[in-house]
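The values are calculated or read from the model by the stated rules, or taken from the named source; none is laboratory data. Keep in mind the model is a prediction, meaning the values are calculated, not measured. For neighbour counting, all protein chains shown are included, and Cβ atoms are generated from backbone atoms with ideal geometry for every residue, glycine included. Accessible surface is based on the protein model in full, side chains and every heavy atom, while ligands, DNA and RNA are left aside. Shrake-Rupley method; radii C 1.70, N 1.55, O 1.52, S 1.80 Å.
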Amino acid sequence: MERADHPSGRLIGIISDTHGYLDPVALKTFAGADRIIHAGDIGKAEVIETLKKIAPVTVVRGNMDRESWCAKLPAEAVVEADGVSIYILHDLQRINLDPQDAGVKVVISGHSHRPEIIEKKGVLYVNPGSASLPRHHRMPTVALMKTRHGKFDIRIVELQ
């Protein structure tokens with residue numbers, strides 16, 4: 001588990017389903033981030049390398065990440081930021097733990113290309129949507145998360 005504690009809190013950029021394209025507006029949105037989380041379907045290694053120029057990146061492999069460079073990527077990851085435990089996977093249907101029992105406060109996933117923030121049993125489930133291929137005539141989206149002392153705020157950001 002990675003830790004990212006800081007007295008003034010942290011800003012975390014959340015992105016998924018780039019499919020090889022990294023929108024310049026996403027890069028501007030993540031300016032000043034302390035960490036970036038990519039929830040899979042990356043498409044090209046260059047996407048991760050570009051994000052790393054902004055902040056450290058935690059990434060998981062998506063169902064479309066089949067190239068040889070993707071083999072080393074984990075299917076899931078856990079990050080802790082200022083007392084907030086975050087579980088990351090690509091497809092929420094493949095979750096293999098009970099987040100509440102595991103002490104996870106936030107579950108981040110992608111896959112559906114639909115932005116969503118839902119609370120269930122004290123756990124916040126976040127899908128940033130797709131930063132490149134939104135569905136149902138939506139705008140491309142990412143999410144921003146602010147953490148501080150075990151509290152957090154998450155919002156979806158349209159890339160316009």
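Listed values, structure above:
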{"read-out": "Ser68 accessible area, assembled protein chains, probe 1.4 Å, Å²", "value": "110"}
{"read-out": "Sum of side-chain charges, Arg114 neighbourhood, beta-carbon under 15 Å (Lys, Arg +1; Asp, Glu -1)", "value": "-3"}
{"read-out": "Normalised per residue, the volume of the convex hull around the Cα set of the stretch 25-117 (Å³)", "value": "112"}
{"read-out": "Estimated vicinal HN-Hα couplings, Hz - the stretch 149-160 in sequence order (Karplus 6.51, -1.76, 1.60; Gly, Pro = x)", "value": "6, x, 10, 8, 9, 10, 9, 7, 10, 7, 8, 10"}
{"read-out": "Amide hydrogen neighbours beyond the local backbone of Leu124, cut-off 5 Å, H modeled", "value": "Val106, Val107"}
{"read-out": "Kirkwood Rh and Cα Rg combined as Rg over Rh, evaluated for the stretch 45-89", "value": "1.01"}
{"read-out": "Neighbour net charge for Leu124 - beta-carbon separation under 14 angstrom, K R +1, D E -1", "value": "+3"}
{"read-out": "Computed Rg/Rh of the stretch 77-143, alpha carbon atoms with Kirkwood Rh", "value": "0.99"}
{"read-out": "Euclidean distance between Cα centres, the stretch 13-55 to the stretch 86-142, Å", "value": "16"}
{"read-out": "10 Å binning of all Cα-Cα separations within the chain, expressed as whole percents from 0 upward", "value": "12, 46, 36, 7, 0"}
{"read-out": "Carbon/sulfur fraction of accessible area - the chain, other protein chains in place, 1.4 Å, %", "value": "49"}
{"read-out": "Probe 1.4 Å, accessible area per residue of the chain, Å²", "value": "51"}
{"read-out": "In sequence order, calculated HN-Hα J values of the stretch 55-64 (Karplus, 6.51, -1.76, 1.60; Hz; x Gly/Pro)", "value": "6, x, 10, 9, 9, 10, 7, x, 5, 9"}
